[in-house]
Amino acid sequence: MDSKEVIQQNRDYTLFSWSVQSQANPIHIAGGKGAYFFDGDGNHWLDFSSQLININVGHQHPKVLEAIKKQVDELCFAAPAFASKPRGELGKRLAEVTGLAKSFFTLGGSEANENAIKIARLYTGRDKIITRYRSYHGATMGSMTASGDPRRWAVEPGIPGVVRAFDPYCYRCPFGKQPDWCHRECVSHIEEIIQMEGPHTIAAILVEGITGSNGLLVPPDDYYPKLRALCDKYGILLIDDEVMSGFGRTGTYLATQHYGIQPDIVTCAKGLTSGYMPLGAVIVSEKIAQHFENTMLWGGLTYSSHPVSCAAAIANLDVYEEERIFDNVNSLGHHLGQRLEAMKAKFDCVGDVRYIGLFSVIELVRNKETREPLAPFNGSSPEMQKLAAYLKSKYIYAFVRFNMVWVCPPLVISQEDLDKGLDVYEEALALVDDLIKA
Ligand code: PLP
């Protein structure tokens, strides 16, 4: 079968996510190595999106492949009522790296958030969950309702009890302030929401450690300490969704570790196995774990704690440690930040750049002074489409959404490859500058 036939068969017999099917335009992926994947026609693509911001250790890492093969030979499946070696070992490793106590394993991030919401409700006996508008928490009914971004519109009214707040989006502050003189209204307005909703009705505040697909919003340094204090004041749990921002993407296991706070519950997936096997986790604090010692945990999944997924995760964590991947993230992240700042200074269309580790975004504007977005919220524009097409024509695989383009390569990328991709981004931005001047 050639690539055209593979794509046609995929289109004839399968449905593509988040797509009007007739407009789906998939690449036939046939292989990969490190920061590159190969298409069926033999082209090498530089993966500046780490697939779905998950293949952190890069494509086809031999140590993770080996661990999967070994576990398949030893024991391929165990029902979730059984104990298995990889399950216990992974639970212990996750407790160590997060400072929390126990893990409940799922198949991915959506299910992790679904179960985190359920656990928070069971633990507190309260119903409501506060989430933020610029957020994505998954595509199952509860997680999709909990998401703030437009993807939730498709399932509304969704599950009851979700209340939304604004985000720490300093470039377009919803309160019209600047971070150097504001009073952190992005936190204080949440206290007002808590009072209006009734503190005794609110189980948890669910936030992405660092908001990913809604614009990479890096909060001010005191945002999390203030949010943590608010949760403590009202007995509300803090659920930290680290599905995208966790496991090395920002140079730490959890993005919230940069801020010196401890969440009550962490959800993770993606970088937990670098996507090699499907796996998510809800990691809970000691006090929540203790609660379920004598109370039923109303939840389960046939594939919870899948031995092969757990083995893949352990090997993936080993790679992070043995190959000192987070050191690479921190040093290359510094270089990436410098290059992004230079782009902001150089190109009229670059309104803002936000970055931490190898997690970054370029926000494009039509006018630097007015900050008019280059594409509307939840929409696109000819200029953004041209930028995306240019990157694609140079075999750079990038995540482009609304008026933003992300730079999130595998964490094993070399500086040479990072620069190679960023050079192409600069060519694309020059093209956009010409278009907006014309
Ligand atoms: N939470 C965040 C922050 C995400 O970015 C995603 C997916 O992109 C999810 C949850 C959902 O994870 P999954 O697609 O594995 O269900």
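The residues in the range 272-300 that are hydrophobic (A, V, I, L, M, F, W, C) and more than 13 Å from the ligand (Cβ to nearest atom) can be counted, and the count is 8.
Could you go through the range 228-236 and let me know if any residue there is within 16 Å of the ligand (Cβ to nearest atom) and in a helix (DSSP H, G or I). Scanning the range 228-236, I find no residue that is within 16 Å of the ligand (Cβ to nearest atom) and in a helix (DSSP H, G or I), so the answer is no.
Number of residues in the range 186-209 that are touching an Asp or Glu at 6+ places or on another chain (Cβ under 9 Å) and β-branched (Val, Ile, Thr): the value is 4.
Among the residues of the range 110-136, just one is in contact with a helix residue (DSSP H, G or I) (Cβ under 7 Å, 6 or more places away or on another chain) and farther than 20 Å from ARG164 by Cα, namely TYR123.
Could you tell me whether any residue of the range 113-120 is more than 14 Å from the ligand (Cβ to nearest atom) and of a type in the set (D, E, K, R)? Yes, because at least one residue in the range 113-120 is more than 14 Å from the ligand (Cβ to nearest atom) and of a type in the set (D, E, K, R).
Just a yes or no: is a residue in the range 56-72 more than 16 Å from the ligand (Cβ to nearest atom), in contact with a Ser or Thr (Cβ under 6 Å, 6 or more places away or on another chain), among the basic types (Lys, Arg) and at negative phi? Within the range 56-72 (the criterion being more than 16 Å from the ligand (Cβ to nearest atom), in contact with a Ser or Thr (Cβ under 6 Å, 6 or more places away or on another chain), among the basic types (Lys, Arg) and at negative phi), the answer is no, since none of the residues qualifies. For the range 80-105, the set of residues classified as closer than 18 Å to PRO263 by Cβ, in contact with a helix residue (DSSP H, G or I) (Cβ under 8 Å, 6 or more places away or on another chain) and part of a loop (DSSP other than H, G, I, E, B) consists of LEU100, ALA101, listed by residue number. Residues that are farther than 27 Å from TYR355 by Cβ, outside the structural domain of ARG401 (by TED's automatic domain parsing) and surrounded by fewer than 21 Cβ atoms within 10 Å (Cβ to Cβ): does the range 172-190 have at least one? Scanning the range 172-190, I find no residue that is farther than 27 Å from TYR355 by Cβ, outside the structural domain of ARG401 (by TED's automatic domain parsing) and surrounded by fewer than 21 Cβ atoms within 10 Å (Cβ to Cβ), so the answer is no.
The values are calculated or read from the model by the stated rules, or taken from the named source; none is laboratory data. Please read all numbers here as calculations on a predicted model, not as lab measurements. Here Cβ is always computed from backbone atoms with ideal geometry, including for glycine, and neighbour counts include all displayed protein chains.
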